[in-house]
Amino acid sequence: MATTAVLSRFGASDRAQMAADAGRVIERLRKHGAGPNGGVTRLVYSPEWRAAMADIEEWLAEMRLAVRHDAVGSRFGRLVGESSSVVLSGSHTDSVKQGGAYDGTLGVVMAGCAIGWLARNMGKPARTLEVYANCEEESSRFASNFWGSRALTGRIATGDADRLTDENGETIGSAMRACGLDPAAIPSARRQDLGAYVEPHIEQGPVLVESRDVIGVVDRVVGVRVIRVTLNGVSGHAGTMPMANRHDPLAGAAEIIAGAERVAREMGAPAVATVGSIAAKPGGFNQIPGEAAFTLDFRHPDDHVLDAFEHELRKLIQEVSAGRGLDVQVGQMLHQTGIKFDSKICASLEASCSESGVRWRRMPSGAGHDAQVIGTICPAAMLFVPSQGGHSHRPDEHTELADIASGIEVLVRTLFRLAYQDS
Ligand SMILES: [Zn+2]
């Protein structure tokens with residue numbers, strides 16, 4: 001039905017209005033968990049989180065959207081359509097510790113502005129539109145691993161609410177109860193009415209800024225693998241053990257780390273490898289370590305390439321250990337397959353960029369996002385807007401209002417296609 005619907009003119013005054021609205025709401029939400037230098041710490045189910053969610057509810061209601069929350073406390077602002085199939089758009093509202101005001105929150109703000117504009121200018125859609133203010137994505141308080149979108153897709157196991165604890169030993173279930181949410185009701189958060197999901201988000205990297213493109217049409221999220229490498233050698237006195245006699249596991253780790261960097265460079269972008277955590281035992285300045293353990297995180301959008309990448313890295317680890325007479329153990333910490341987003345939504349995003357006259361590029365996401373979880377139950381895709389300086393997860397996260405307005409226009413056009421022209 002309604003395939004002939006035509007979008008009202010989205011002109012310069014609309015763009016100016018969207019920039020002003022988005023800027024105002026970002027500053028309004030920044031207050032909840034505000035720290036030094038404009039930073040934000042808003043952990044799920046904290047007082048700051050509750051205040052932000054109350055504010056989001058108020059804002060959605062101001063736009064005459066029907067507001068509700070699900071069992072885990074995610075908020076929804078609904079514009080009822082002819083059909084019950086839902087086109088969902090938004091992102092998460094929690095932050096990392098001392099993060100910025102844009103990661104996650106900007107996606108909620110952009111979706112709210114876009115759906116608010118459609119409600120005011122286009123009336124009732126064919127498919128129902130909903131703004132999604134997801135409760136939690138960052139795992140910054142609990143190791144909750146996409147809590148909000150896992151609830152939405154029915155992937156929270158019974159017992160998770162009592163098992164996951166924060167650094168003070170409080171369970172996520174008890175934190176939920178303190179917010180008036182009942183962990184026993186989590187299964188009711190599962191959605192079976194989703195027809196599409198579009199997640200706007202800051203890029204969190206430098207690609208758009210460097211290329212001067214304004215929109216990233218994200219067609220996939222990379223696969224992530226993390227291994228933990230433990231090397232055991234022979235500890236000893238830093239002064240008396242000749243170099244020729246040593247089996248130093250930390251020196252072996254250093255060789256592997258430099259080698260992993262070389263392997264990733266040789267594979268070429270977007271392959272990346274990172275050692276983010278390392279520990280040596282016993283750890284005295286005058287002792288040759290007996291053990292060195294580190295994590296190795298490596299990512300690539302193509303699972304076959306990722307297999308080859310892992311093979312090269314494991315070969316390197318074995319060669320270095322053998323060459324230095326070290327015992328080695330390699331354990332898997334994370335094995336997350338990538339996801340390819342819906343080609344039709346990506347094409348729709350591109351057409352919307354062209355209509356809006358903004359520069360765009362297709363790109364993968366190197367970071368994990370809710371869309372990779374929700375994309376397993378309905379067609380999904382993402383759009384990125386530039387992160388100034390490529391910065392993210394720090395207080396100086398920033399995106400220019402002009403870029404945000406362009407992103408909202410692209411989102412308006414895409415959601416219009418999905419909700420007013422498709423049925
Ligand atoms: Zn995020």
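Just so you know, all these numbers are worked out from the coordinates, no wet-lab data involved. Every value quoted in this text rests on a predicted model; they were computed, and no experiment measured them. Glycine also receives a Cβ, built like all others from the backbone with ideal geometry; neighbour counts cover every protein chain displayed.
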Output yes when any residue across the range 279-300 is surrounded by 15 or more Cβ atoms within 10 Å (Cβ to Cβ), part of a loop (DSSP other than H, G, I, E, B) and touching a residue at least 12 places away in the same chain (Cβ under 8 Å), and no when none is. yes
Tell me, which residue of the range 380-423 that is under 19 Å from Met363 (Cβ atoms) and among the hydroxyl-bearing types (Ser, Thr, Tyr) is surrounded by the most Cβ atoms within 10 Å (Cβ to Cβ)? Thr414
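Right, Asn121: on the phi > 0 side of the Ramachandran plot and surrounded by fewer than 21 Cβ atoms within 10 Å (Cβ to Cβ) or not?
So Asn121 fails the test.
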Residues satisfying the stated conditions in the range 111-134, i.e. more than 14 Å from Phe76 (Cα to Cα) and not small (Gly, Ala, Ser): Trp117, Leu118, Arg120, Asn121, Met122, Lys124, Pro125, Arg127
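Name the residues in the range 210-231 that are surrounded by 15 or more Cβ atoms within 10 Å (Cβ to Cβ) and over 18 Å from Val275 (Cα atoms), would you? Please lay out each step first, then the result.
Applying the first criterion (surrounded by 15 or more Cβ atoms within 10 Å (Cβ to Cβ)) to the range 210-231 yields 213-231.
Listed by number, the residues that qualify are Asp213, Val214, Ile215, Gly216, Val217, Val218, Asp219, Arg220, Val221.
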Scan the helices (runs of 4 or more DSSP H) fully inside the range 128-199 and keep the ones with 2 or more residues being closer than 21 Å to Leu88 by Cα. 147-152
Could you check the range 308-423 for helices (runs of 4 or more DSSP H) lying wholly inside it with 1 or more residues that are among the hydroxyl-bearing types (Ser, Thr, Tyr), out of contact with any helix residue (DSSP H, G or I) (no Cβ under 6 Å at 6 or more places or on another chain) and without any contact (Cβ under 8 Å) to a residue 24 or more places away in the chain? 343-356
What is the number of the single condition among (1) closer than 22 Å to Gln98 by Cβ; (2) within 14 Å of the ligand (Cβ to nearest atom) that Phe142 does not meet? (2)
Name the single residue that is nearest to Pro289 (Cα to Cα) among those in the range 234-269 being surrounded by 12 or more Cβ atoms within 10 Å (Cβ to Cβ) and of a type in the set (D, E, K, R). Asp248
Quick one: how many residues across the range 249-278 are under 18 Å from Gly223 (Cβ atoms) and touching a residue at least 40 places away in the same chain (Cβ under 8 Å)? 7
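For Pro206, are the conditions met, namely being closer than 20 Å to Trp360 by Cβ, surrounded by fewer than 18 Cβ atoms within 10 Å (Cβ to Cβ) and under 22 Å from the mean Cα position of the chain (by Cα)?
Numbers: closer than 20 Å to Trp360 by Cβ: yes; surrounded by fewer than 18 Cβ atoms within 10 Å (Cβ to Cβ): yes; under 22 Å from the mean Cα position of the chain (by Cα): yes.
For Pro206, the condition - closer than 20 Å to Trp360 by Cβ, surrounded by fewer than 18 Cβ atoms within 10 Å (Cβ to Cβ) and under 22 Å from the mean Cα position of the chain (by Cα) - is met.
In the range 203-233, how many are assigned to a loop (DSSP other than H, G, I, E, B) and more than 30 Å from Ile288 (Cβ to Cβ)?
8
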